[in-house]
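Novice: The structure that follows is given in the form of structure tokens.
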Amino acid sequence: MSAPISNVRPAPDSVLVDIVDYVLDFPIDSTLALHTARNCLIDTLGCGLEALTYPACTKLMGPIVPGTIVPNGAKVPGTSFQLDPVQAAFNIGAMIRWLDFNDTWLAAEWGHPSDNLGGILATADWLSRSAIAAGKQPLTMKDVLIGMIKAHEIQGCIALENSFNKVGLDHVLLVKLASTAVVGQMIGLTRDELINAVSQAFVDGHALRTYRHAPNTGSRKSWAAGDATSRAVRLALIAKTGEMGYPSVLTAKTWGFYDVLFKGNAFKFQRPYGSYVMENVLFKISFPAEFHAQTAVEAAMTLHAQLQSAGKRVEDIKKITIRTHEAAIRIIDKKGPLNNPADRDHCIQYMIAVPLIHGRLTAADYEDSIAQDTRIDVLRAKMECVEDAQFTKDYHDPEKRSIANALTIEFNDGSTFDEVVVEYPIGHKRRREDGIPLLVEKFKTNLARRFPVKQQLAILDVSLDQARLEAMPVNEYVDLYVI
């Protein structure tokens, strides 16, 4: 006869407690983290503004019931929408992620920590407008920056040693988790309520990676993070009502997250929570490409220039060898037909072929009008990915965190170009001095897509001034982006 199951409610799992204590108690005093967060903020919002030029994105935006306007609701940058914080978080999160151009974190699990801005900004704006209506003080943009740093840290530190993709789960699980913790703190949850909220994020349904991989790659990957960060706001609000949590959601035998979804393995941690992730985050500055291919695209741009100067054509190419790291092979080494933009921006061969042919790679280059160029598929068929063990090792090395790619071109006449190696992309911490001026130019370009000159200058004036931005009420900053 089996022993009876104990129904004694356990103490909360340590993973939940560590997240909550970090969010509630850890002071953010890193100047580097705060300055990087400001750059992350403007880059992330700029990516959203560019996405608003794509009908495939804008068709998903707005209130659930057309025409709904929420008094004191959160406003959606680049639009005239004013929504409840849950739907506003979806809107902001979807536009941020649509073009695969916001920041990236690469480790055992990869992802885009700035996806959390959807929930953070929507909640902060709603809270600020509600506070003003009640005669109270609004939150400041420093509160938003601190929330971003903490959400980055939670998502990124868990990602360092724990691969969700290897068990078929999508990384937006970590967006939901980090956003729930940070948003919960913002809306004033007690410690016990916040533990309940974070447990709800784990016990919730989780997205599969189906929509990121052949043969099902599709546009859900562009709004999945918006869905996750908006779900986080909803879970935090549910916890605010006093709804109970599930203290052993991770460790419960048979029914907990570890046994059900993580093959019985407990999470491993490389470092305590601090401000490491924001300080080391990767920016996508030059190309809207899946990050494992960023250095490959840089190398392809160099080779395009060499083709031009040597008087050679892409038709003269016999073979292209891509020396790369294991993660790139697992995620973006793709043969066969590419059915949509989401398919193409997760194919390393496509992301190399376009710059070799055209000397550029923009979001528009994933559309059907460019993809129908037969030269692209001809070049793709000539490419071979080969793993370099050292590249893979350096990818995981916390002191390097490289994302190396190397390209070698062989021609039909037997000649070759010297291999072009790029270890660190322009958005890497090691290249901040070169990268940040380009990031600012990217932001200016994206502002110009949506706003008249006077409005662009007003946004830039405060966005590039750390002290002024930190002191500005959230609602006033968001109002600068309203159309």
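Novice: With all protein chains present, how much of the accessible area of the chain (probe radius 1.4 Å) comes from carbon and sulfur, to the nearest whole percent?
Specialist: The nonpolar share, carbon plus sulfur, comes to 54 percent.
Novice: Just for the range 308-424, what percent of DSSP beta bridges are antiparallel, to the closest 5?
Specialist: Details: 10 of 15 bridges.
Taking every DSSP beta bridge with both residues in the range 308-424, the antiparallel ones total about 65 percent.
Novice: A further question on this structure: Sort the range 237-322 into rounded, prolate or oblate with this rule: let a ≥ b ≥ c be the square roots of the eigenvalues of the Cα gyration tensor; rounded if a/c is under 1.5, and if a/c is not under 1.5, prolate when a/b is larger than b/c, oblate otherwise.
Specialist: Because a/c hits 1.5 or more and a/b exceeds b/c, the range 237-322 counts as prolate.
Novice: Toward the positive end of the charge dipole of the chain, about the Cα centre and with charges on Cβ (Lys, Arg +1; Asp, Glu -1), which of Ala471, Thr68, Phe269 goes farthest?
Specialist: Thr68
Novice: Using the Cβ atoms and a cut-off under 15 Å, what net charge is assigned to the surroundings of Tyr273, where Lys and Arg are +1 and Asp and Glu are -1?
Specialist: Working: positive: Lys150, Lys268, Arg271; negative: Asp18, Asp21, Asp25, Asp29, Glu153, Glu161, Glu279.
That works out to -4.
Novice: Run the quick spin-label model on Lys318 and Ile69: label points 7 Å from Cα toward the beta carbon, then report their separation in nm to one decimal.
Specialist: 6.8 nm
Novice: Further, regarding this structure: Under 12 Å from the Cβ of Ala122, count the other residues' Cβ atoms, weight Lys and Arg +1, Asp and Glu -1, and hand me the total.
Specialist: Surrounding charge for Ala122 is +1.
Novice: Taking loop as defined by DSSP and a crowding limit of 16 other beta carbons within 10 Å, which chymotrypsin sites (Phe, Trp or Tyr not before Pro) in the range 256-311 fit?
Specialist: Filter output for the range 256-311: Phe267, Phe269.
Novice: What order, most packed first, do the peptides 215-222, 320-327 have when packing is the mean number of other Cβ atoms within 10 Å of each residue?
Specialist: Result, highest mean Cβ count within 10 Å first: 320-327, 215-222.
Novice: Any chance you could run the full-extension gain for Thr190 through Asp259? It's 0.36 nm times the residue separation minus the Cα-Cα distance, nm to one decimal.
Specialist: Computed gain between Thr190 and Asp259 is 21.9 nm.
Novice: For Lys136 paired with Ser30, estimate the spin-label separation in nm (one decimal), with each label point 7 Å from Cα along the Cα-to-Cβ line.
Specialist: 3.0 nm
Novice: Taking only protein heavy atoms into account and a 1.4 Å probe, give the accessible area per residue of the range 94-193 in Å².
Specialist: Roughly 22 Å² per residue, with all protein chains present.
Novice: On a full-extension model of 0.36 nm per residue, what is the gain between Asp465 and Leu60, subtracting their alpha-carbon distance, rounded to one decimal in nm?
Specialist: 142.5 nm
Novice: Here is a further query. With θ taken as phi - 60° and the coefficients 6.51, -1.76 and 1.60, list the Karplus ³J(HN,Hα) couplings across the range 154-162 in order, rounded to whole Hz; mark glycine and proline as x.
Specialist: 5, 4, x, 5, 5, 5, 4, 10, 10
Novice: Could I ask something else about it? Within the set of other residues whose C-beta is less than 15 Å from the C-beta of Lys393, count the net charge using Lys and Arg as +1 and Asp and Glu as -1.
Specialist: Summing Lys/Arg as +1 and Asp/Glu as -1 gives -4.
Novice: What shape does the range 70-154 take by its C-alpha gyration tensor, where a ≥ b ≥ c are the square roots of the eigenvalues and a/c under 1.5 counts as rounded, a/b above b/c as prolate, and the rest as oblate?
Specialist: In terms of gyration-tensor shape, oblate.
Novice: A further question follows. Run through the DSSP bridge list for the chain and note the antiparallel percent, rounded to the nearest 5.
Specialist: Restricted to the chain, the bridges split so that about 75 percent are antiparallel.
Novice: Sorted by mean Cβ packing within 10 Å, highest first, what order do the peptides 179-191, 242-254 take?
Specialist: Output ranking for 179-191, 242-254: 179-191, 242-254.
Novice: Full-extension gain between Ala214 and Val421, please, as 0.36 nm times their residue separation minus the C-alpha to C-alpha distance.
Specialist: Length gained, Ala214 through Val421: 71.7 nm.
Novice: How far is it, in nm, from the label point at Asp397 to the one at Arg9 when both lie 7 Å from their Cα along the line to the Cβ?
Specialist: Taking the simple label geometry, Asp397 and Arg9 are separated by 5.0 nm.
Novice: I need the trypsin sites (Lys or Arg not before Pro) found in the range 1-101, filtered to DSSP loop residues with at most 11 other beta carbons within 10 Å of theirs. Mind showing how you got there, number by number?
Specialist: Values: sites: Arg38, Lys59, Lys75, Arg97; in loops: Lys59.
Qualifying residues, ordered by number: Lys59.
Novice: I've got another one for you. Can you give the charge dipole size of the chain about its Cα centre, rounded to the nearest 20 debye, using +1 on the beta carbon of Lys and Arg and -1 on the beta carbon of Asp and Glu?
Specialist: In debye, rounded to 20, the chain gives about 660.
The values are calculated or read from the model by the stated rules, or taken from the named source; none is laboratory data. Treat the numbers as computed from the prediction; the structure is a model and nothing was measured. Neighbour counts are summed over all protein chains in view; Cβ atoms, including those assigned to glycine, are modelled from backbone coordinates with ideal geometry. To get the accessible areas, we keep the full protein, side chains included, count just its heavy atoms, and leave off ligands, DNA and RNA. Shrake-Rupley method; radii C 1.70, N 1.55, O 1.52, S 1.80 Å.
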